[in-house]
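Here's the structure we're looking at; comments come further down.
The values are calculated or read from the model by the stated rules, or taken from the named source; none is laboratory data. Small disclaimer: the values here were computed from a predicted structure and weren't measured. Neighbour counts are summed over all protein chains in view; Cβ atoms, including those assigned to glycine, are modelled from backbone coordinates with ideal geometry. With ligands, DNA and RNA removed, areas are computed over all heavy atoms of the protein, side chains included. Shrake-Rupley method; radii C 1.70, N 1.55, O 1.52, S 1.80 Å.
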Protein chains: 2
Amino acid sequence: MKKKISQVVIKRMPRYYRYLSELLEQGTERISSAELSEIMNVTASQIRQDLNNFGGFGQQGYGYNVQYLHDEIGKILGLDQTHNLIIIGGGNLGHALASHTTFNKHGFYVKGIFDINPDIQGQVVNGAKIMPMSELDDFVKNNKVDIVALTIPKEHVQEAADHVMDLGVKALWNFANVDLDHKEEVVVQDVHLSDSLMRLTLNMIQNQTN
Amino acid sequence: MKKKISQVVIKRMPRYYRYLSELLEQGTERISSAELSEIMNVTASQIRQDLNNFGGFGQQGYGYNVQYLHDEIGKILGLDQTHNLIIIGGGNLGHALASHTTFNKHGFYVKGIFDINPDIQGQVVNGAKIMPMSELDDFVKNNKVDIVALTIPKEHVQEAADHVMDLGVKALWNFANVDLDHKEEVVVQDVHLSDSLMRLTLNMIQNQTN
């Protein structure tokens, strides 16, 4: 039984990976924790503490080897493996996710899109075919589907979530503006666009009145 | 000078609003802090503390009037006013945002979309016209643009952000997977889809090994 890692740490890991990827692209081979701290706008001790949750990779006084740290964090994030996604909901948002080429670069592959609208069934988006919902069960059973992205209206999303959880799917990426009920062994990551927009507005108001 | 309200509180406010909207739709007139706490999965004392940041609206022992609390939180979130948005980037994600009808319901109006691709210029998405970038300056000057959504590749997003900040825009909704440099008087809300997907995967791995 491993120590449970807090969501604030988990939230920072993709950001570390993103900055390290950029450093690699720029050809940076080695970086001190002070420099990494400055470009990422977190304290050096915070970085060390975060990495220590996963065993730690620091070389005190000598800094971090960018490639090594990048690859190790990539392994923590599971990016050394490939992950199959399907998308339920073939609207604009479903199209946007399927066309998001960065996902492929990190080993995420959209294998299929499912939608109730017969007018768009048969279309292919970035290699993924839009199929009717009646083909969902067989598709999930026959393909190793790790993650289901839900880009359907909130009125139908819980039903779809329950359905794919019953098929054994363990990760849901939810874009409907509702909090899903889910089994304990299933993880859910929400992208609540309306909440995000309201948060931006509230910060704008707060910024103006302070 | 008002007290600076923490981002964790600010993050929870749209969620409160969302749950209160749902209660209203269900016809609930009054709710105890214990009931609200249970459906929202936060403690009653947390709810009271959060609301106290904005003056507090509790009626101890009697519960909350749902309509009143909904409307007051709406005012805090600025939803008693309308907000004009433009979108820079007319791809799938830009289309998805422009077509997101819930935004209109909350007083957010997409007034225009800007894109460098001449093939899509002139298209109208949910009432918003796709225009060339050369029309951006005049449009921002002539329309009361509060918020700019950035749905362009990360390579170009800082330049676009700098440009609209110079035009006086105070709120950026950034969908590129990069952290933007911004002026102090400007607020930025990020929707980092790759980070979100990696976080989901990391949680999935953690959930499997615990």
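For the reader, a short list of remarks on this structure follows.
- Taking each of A:LYS4/A:LYS183; B:LYS4/B:LYS75; A:LYS154/B:LYS111; A:LYS144/A:LYS170 in turn, the alpha-carbon distance tops 21 angstrom for A:LYS154/B:LYS111.
- Separation between Cα centres of region B:74-141 and region A:153-187, rounded to whole Å: 30
- Cross-link partners of B:LYS129 among aspartates and glutamates, defined as those whose alpha carbon lies under 14 angstrom from its own and excluding same-chain residues fewer than eight positions apart: B:ASP115, B:ASP119.
- Pseudo-label separations to other copies for B:LYS11 - Cα-to-Cβ vector, 7 Å, nm: 0.2
- Ratio of Rg to Rh for chain A: 1.02 [Cα atoms; Kirkwood radius as inverse mean 1/r over pairs].
- Contact order relative to length of chain A, as percent, for alpha carbon pairs under 8 angstrom and 6 or more apart: 13
- The trypsin sites (Lys or Arg not before Pro) of region B:39-148 that meet both conditions, a loop assignment by DSSP and at most 16 other Cβ atoms within 10 Å of the site Cβ, are B:LYS144.
- Among A:HIS156, A:HIS95, A:HIS106: highest mean-square fluctuation, GNM of chain A, C-alpha pairs under 10 Å: A:HIS156
- Relative contact order, percent, region A:24-144 [alpha-carbon distance under 8 Å, six or more residues apart]: 17
- The accessible-area loss of region A:182-198 on complex formation, taken against its chain alone with a 1.4 Å probe, reaches 20 Å² or more at A:VAL187, A:GLN189, A:VAL191, A:LEU193, A:SER194, A:ASP195, A:SER196, A:LEU197, A:MET198.
- Value at 222 nm in deg cm²/dmol, rounded to 500, when DSSP H runs of n ≥ 4 in chain B each add -39,500 (n - 2.57): -13500 deg cm²/dmol
- Counting 0.36 nm for each residue step from B:GLU159 to B:ASN53 and taking away their Cα separation leaves a gain of 34.5 nm.
- Hydrodynamic estimate: the Kirkwood radius of region A:142-201 over Cα pairs, inserted into Stokes-Einstein at 4 °C and 1.567 mPa s, corresponds to D of 108 µm²/s.
- Inter-copy label distances at B:GLU35, using a point 7 Å along Cα-to-Cβ, come to 6.0 nm with the shortest given first.
- Using a cutoff of 8 angstrom between alpha carbon atoms and counting only pairs six or more residues apart, the relative contact order for region A:91-210 works out to 16 percent.
- Apportionment of accessible area to carbon and sulfur, the protein assembly as shown, percent (1.4 Å): 47
- Spread over its residues, the convex hull of the C-alpha atoms of the protein assembly as shown is 165 Å³ per residue.
- In the A-B interface, the accessible area buried, summed over both sides, Å² (probe 1.4 Å): 6100
- Once the Cα atoms are used to define both axes, helix B:66-76 deviates from the longest principal axis of chain B by about 40 degrees.
- Projecting 7 Å from Cα along the Cα-to-Cβ direction, the label point of B:ASN207 sits 3.4 nm from its equivalents in the other copies, listed shortest first.
- Average accessible surface area per residue within region B:7-77, 1.4 Å rolling probe, Å²: 51
- Ligands, DNA and RNA are left out, and with a 1.4 angstrom probe the accessible area of region A:105-210 is 46 Å² per residue.
- Binned Cα-Cα distances of region A:109-158, short to long, each 5 Å bin given as a whole percent: 4, 20, 28, 30, 15, 3
- Fraction of alpha-carbon pairs over 17 Å apart in region A:69-137 - percent: 45
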